[in-house]
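Asks: Sharing a structure here in structure tokens format.
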Amino acid sequence: MEAAGLLVPLVIIVGGIVLLRSRARTKFYSRECPHCKERMRGDASVCPHCQRESVAWQQKDGRWWRQTDGGWEYLDTTGDPHRWRPFEGSAATREP
Ligand SMILES: [Zn+2]
């Protein structure tokens, strides 16, 4: 009976760690919904809060990309905080 009594808190602790880790990861790559301003996954195209569509971020060559009115931008992760930088290419090769 004692073993079963220890198992329950153990499952809660391990489950809590897994949940916190996955939350930290999704928080990092979350973006703001342009419609309702709620946080959503960066790579999601449909907002889980308002179910409206927006342009999702794309991961390519180890970088996150987003399309803006001025063209493509990539997430520069070398600094702190991370910044979006315009893609330095010609207009013809604006696609990442
Ligand atoms: Zn939304």
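Asks: Can you find even one residue in the range 60-73 that is of a type in the set (A, V, I, L, M, F, W, C) and surrounded by fewer than 13 Cβ atoms within 10 Å (Cβ to Cβ)?
Replies: Narrowing the range 60-73 to residues of a type in the set (A, V, I, L, M, F, W, C): 64-65, 72.
After this cut, where a residue has to be surrounded by fewer than 13 Cβ atoms within 10 Å (Cβ to Cβ) as well, the list is none.
For the range 60-73, residues of a type in the set (A, V, I, L, M, F, W, C) and surrounded by fewer than 13 Cβ atoms within 10 Å (Cβ to Cβ): absent.
Asks: Are there any pairs with C-beta distances below 8 angstrom linking a residue in the range 40-68 that is within 22 Å of PRO86 (Cβ to Cβ) and among the aliphatic types (A, V, I, L, M) to a residue that is part of a strand (DSSP E or B) and away from the ligand (no atom under 13 Å from the Cβ), with the two at least 6 apart or on different chains, and if so which?
Replies: If the second residue must be part of a strand (DSSP E or B) and away from the ligand (no atom under 13 Å from the Cβ), the pairs left are VAL55/ARG66; VAL55/GLN67.
Asks: Going through the range 56-76 one residue at a time, which ones are within 19 Å of ARG39 (Cβ to Cβ) and in a loop (DSSP other than H, G, I, E, B)?
Replies: Those that are within 19 Å of ARG39 (Cβ to Cβ) and in a loop (DSSP other than H, G, I, E, B): ALA56, TRP57.
Asks: Go through THR93, THR77 for me and flag whichever is hydroxyl-bearing (Ser, Thr, Tyr), at pLDDT below 95 and loosely packed, with under 13 Cβ neighbours inside 10 Å.
Replies: Numbers: THR77 fails: loosely packed, with under 13 Cβ neighbours inside 10 Å.
Just a single option satisfies the conditions, and that option is THR93.
Asks: Counting only residues that are more than 6 Å from the ligand (Cβ to nearest atom) and of a type in the set (A, V, I, L, M, F, W, C), how many does the range 33-54 have?
Replies: From the range 33-54, those more than 6 Å from the ligand (Cβ to nearest atom) are 34, 37, 39-46, 48, 51, 53-54; that's our starting set.
Filter once more, so that each one left must be of a type in the set (A, V, I, L, M, F, W, C): 40, 44, 46.
Of the residues in the range 33-54, 3 are more than 6 Å from the ligand (Cβ to nearest atom) and of a type in the set (A, V, I, L, M, F, W, C).
The values are calculated or read from the model by the stated rules, or taken from the named source; none is laboratory data. The shown structure was predicted, so the numbers you read here are calculated from the model rather than taken from an experiment. Ideal geometry is used to build each Cβ from the backbone, glycine not excepted, and the neighbour counts take in all protein chains shown.
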